Ligand SMILES: [Zn+2]
């Protein structure tokens, strides 16, 4: 429901378990957090979402702008083409990202343009770094 309200293409959340029509209170991690060729450190990791996106959408990690605030996204930030720590909750998040934004998300807009530029390059062209 939140995904629709913010017009996101997809969302990732734990799977709530039900039994006989009632919530059991148990949550399972979503399968998208696992990937056979994803994060070399963690079996379940947000970096694996990036691997699934690459597989399904035919995009390279260099074409992805990742924005995160929490430590569980450090691997994702390190793997994405452009990474932004938005109001990072821990200094390790800021170190994992190439950029840190502490004020407005509007600061992302020029970076999004850079990702589009990277996406427009031929596959054998050198990747731009921001
Ligand atoms: Zn990881």
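Nothing in this text is a laboratory measurement; each read-out follows from the coordinates by a stated rule. Since the model is a prediction, treat every value here as computed from it, not as a measurement. Cβ sites come from the backbone with ideal geometry, for glycine too, and all protein chains shown count toward neighbours.
Residues 83, 104, arranged from fewest to most other Cβ atoms within 10 angstrom of their Cβ, appear as 104, 83. Packing-based ranking of 6-16, 46-56, 72-82 yields 72-82, 46-56, 6-16, ordered from highest to lowest mean Cβ neighbour count within 10 Å. Normalising the average separation of contacting C-alpha pairs (under 8 angstrom, six or more residues apart) by the number of residues puts the relative contact order of the chain at 15 percent.
A crude spin-label estimate for the pair residue 11 and residue 103, with each label 7 Å from Cα along the Cβ direction, gives 3.1 nm.
With the convex hull of its Cα atoms as the shape, the chain has an orientation-averaged projected area of 9.9 nm².
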